[in-house]
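Student: Before I ask anything, here is the structure I am working with.
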Amino acid sequence: MEQVPEPRWHVVVPVKGGPAAKSRLRSTLDASGLDDGAIVAAVAHDTLAVTADVVGTGHVVVVTAEPGETAYAISQGFVVVSDPGTGLDDACSAGVREALGRGGTHVAVLLGDHPALTAGELEAVLRHGSAHPSFFVADAEGTGTALVGTTTGRGPALAFGPGSAARHLDLGHVPLDVEAPGLRHDVDDDVSLRWAVEHLRPGPRTLAALGR
């Protein structure tokens with residue numbers, strides 16, 4: 001029997017970038033003597049690198065309006081979509097439309113603040129998610145959302161932000177109960193960053209920015 005090929009996923013990653021990105025993290029790093037801008041960029045770039053390892057560079061859609069992040073994404077071979085500047089959901093939706101326009105039917109939206117994400121975690125989530133029309137992965141606290149995916153060839157309804165897990169559940173997305181600490185742990189401030197360093201294994205760019 002001929003084996004059915006695995007679906008090719010596109011993954012949309014919004015990256016705000018620049019001085020306005022991750023203000024909570026930057027403010028808590030101000031007295032540390034570290035380059036907060038380099039750390040913020042490294043967190044996003046480690047997330048993107050793992051994503052590219054899983055789906056391929058040409059299937060990573062970066063949504064950004066920041067020139068430095070645009071240049072970085074182009075240099076890595078990612079697809080770049082301009083952030084419309086009307087909020088996170090609209091930015092993600094713009095990236096999803098680009099992926100669908102490129103023929104994608106299986107599209108995931110992954111927030112770009114998961115420096116300890118592993119390829120195995122993302123592969124497992126996409127594999128399990130393939131069984132559902134749409135799905136999401138809650139963050140470690142169970143209230144936020146790390147990833148939303150669809151297999152229908154249509155853009156999923158998105159409701160990111162505080163309390164988004166409940167909203168995504170109400171929108172009909174199936175919650176995936178997965179053991180994926182690197183995916184479910186996002187970095188928003190120095191506490192979450194220290195926890196990732198102590199309990200997980202952030203990617204090489206984040207560790208280098210931290211001087212480790």
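The values are calculated or read from the model by the stated rules, or taken from the named source; none is laboratory data. Since we're looking at a predicted model, the values are computed, not measured. Here Cβ is always computed from backbone atoms with ideal geometry, including for glycine, and neighbour counts include all displayed protein chains.
The rows are residues; the columns are (1) at pLDDT below 60; (2) outside any helix (DSSP H, G or I); (3) under 23 Å from W195 (Cα atoms).
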| position | (1), (2), (3) |
| --- | --- |
| P7 | no, yes, no |
| V12 | no, yes, no |
| P19 | yes, yes, no |
| R24 | yes, no, yes |
| A31 | yes, yes, yes |
| L34 | yes, yes, yes |
| I39 | no, no, yes |
| L48 | no, no, yes |
| A52 | no, no, no |
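Student: Okay, next question. Quick one: E69 ticks every box in (1) surrounded by 19 or more Cβ atoms within 10 Å (Cβ to Cβ); (2) among the acidic types (D, E); (3) in contact (Cβ under 8 Å) with a residue 60 or more places away in the chain; (4) not in a loop (DSSP other than H, G, I, E, B) except a single one, so which number is it?
Tutor: Looking at each condition in turn, E69 falls short on (3).
Student: Oh, and also: Check whether at least one residue in the range 109-120 is of a type in the set (S, T, N, Q), under 25 Å from A41 (Cα atoms), free of Cβ contacts under 8 Å to residues at least 60 places away in the same chain and surrounded by 19 or more Cβ atoms within 10 Å (Cβ to Cβ), and report yes or no. Write out each step before concluding.
Tutor: Start the filter on the range 109-120 by keeping residues that are of a type in the set (S, T, N, Q), which leaves 118.
Within this subset, residues satisfying the condition of being under 25 Å from A41 (Cα atoms) are 118.
If we keep only those that are free of Cβ contacts under 8 Å to residues at least 60 places away in the same chain too, we end up with none.
No: zero hits.
Student: Quick check on my filter: what residues within the range 145-184 are without any contact (Cβ under 8 Å) to a residue 24 or more places away in the chain, surrounded by 15 or more Cβ atoms within 10 Å (Cβ to Cβ) and farther than 20 Å from G95 by Cα?
Tutor: Passing the criteria: only R167.
Student: Among what's in the range 57-108 and is among the small types (G, A, S) and in contact with a Pro (Cβ under 6 Å, 6 or more places away or on another chain), pick the residue that is farthest from A44 (Cα to Cα).
Tutor: Filtering the range 57-108 down to residues among the small types (G, A, S) leaves 58, 65, 68, 71, 73, 75, 77, 82, 85, 87, 91, 93-95, 99, 101, 103-104, 108.
Right, trim to in contact with a Pro (Cβ under 6 Å, 6 or more places away or on another chain) and you get 91, 94.
On the way: A91: 16, A94: 19 Å.
For the range 57-108, the residue satisfying everything is A94.
Student: (1) farther than 21 Å from H168 by Cα; (2) out of contact with any helix residue (DSSP H, G or I) (no Cβ under 9 Å at 6 or more places or on another chain); (3) in a loop (DSSP other than H, G, I, E, B): which one isn't true of P84, the others all being true?
Tutor: (2)
Student: On the basis of being among the polar types (S, T, N, Q) and farther than 15 Å from R8 by Cα, does S130 make the cut?
Tutor: On the way: among the polar types (S, T, N, Q): yes; farther than 15 Å from R8 by Cα: no.
In short, no.
Student: With a cut-off of at least 2 residues that are more than 17 Å from the chain's Cα centre (by Cα), name the helices (runs of 4 or more DSSP H) lying wholly within the range 127-212.
Tutor: On the way: elements: 164-170, 181-184, 190-199, 204-209.
Ranges flagged: 164-170, 190-199, 204-209.
Student: For the range 85-99, give me each residue that is touching a Ser or Thr at 6+ places or on another chain (Cβ under 9 Å) and surrounded by fewer than 23 Cβ atoms within 10 Å (Cβ to Cβ).
Tutor: Selection gives A94 alone.
Student: Would you mind telling me which numbered condition in (1) touching a helix residue (DSSP H, G or I) at 6+ places or on another chain (Cβ under 7 Å); (2) in contact (Cβ under 8 Å) with a residue 24 or more places away in the chain G142 fails?
Tutor: If we test G142 against (1) touching a helix residue (DSSP H, G or I) at 6+ places or on another chain (Cβ under 7 Å); (2) in contact (Cβ under 8 Å) with a residue 24 or more places away in the chain, just (2) comes out false.
Student: Right, A165: under 20 Å from H45 (Cβ atoms) and touching a strand residue (DSSP E or B) at 6+ places or on another chain (Cβ under 6 Å) or not?
Tutor: Values: under 20 Å from H45 (Cβ atoms): no; touching a strand residue (DSSP E or B) at 6+ places or on another chain (Cβ under 6 Å): yes.
Taking the combined requirement at face value, the residue does not satisfy it.
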